[in-house]
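Structure first, then comments.
The values are calculated or read from the model by the stated rules, or taken from the named source; none is laboratory data. As the structure is a computational prediction, the values presented were derived from the model and not from experiment. Positions of Cβ are backbone-derived with ideal geometry, glycine not excepted, and every protein chain shown enters the neighbour counts.
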Amino acid sequence: MIICKAMPVRTGKHFSKQAFTLDWEQQLIYCPNHVSIPFTLGKSAHFPASICESCPLQEQCTNSKNGRSVSIHADVGVAARRRSPRRVG
């Protein structure tokens, strides 16, 4: 078994991946404006431009004319658990 520190999440002027919520049971990803689309592990989830262009949070989220995309790594659950503070006891 290998134990290592998870890579930090990139930050910038737009929402980071951490601002998006994954619903594991429904296989949906929710943006900060509570819009959901399906996701597949190991692929990118693409929020349609038609949704993003009318969003009140667009400036904080993306400047792409094609809408926001979020890559979902196949091991995203493992990485998220490693970033979380560990509980003792």
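Looking only at residues that are hydrophobic (A, V, I, L, M, F, W, C) and over 13 Å from the mean Cα position of the chain (by Cα) in segment 18-52, which one is nearest to Asn66 (Cα to Cα)?
Looking at residues that are hydrophobic (A, V, I, L, M, F, W, C) and over 13 Å from the mean Cα position of the chain (by Cα), I get Ala49.
Among (1) in a loop (DSSP other than H, G, I, E, B); (2) at pLDDT 90 or above; (3) on the phi < 0 side of the Ramachandran plot, there is one condition His34 misses while meeting the rest; what is its number?
Answer for His34: the failing condition is (3).
Among the residues of segment 37-51, is any assigned to a loop (DSSP other than H, G, I, E, B), modelled with pLDDT of 95 or more and loosely packed, with under 13 Cβ neighbours inside 10 Å?
yes
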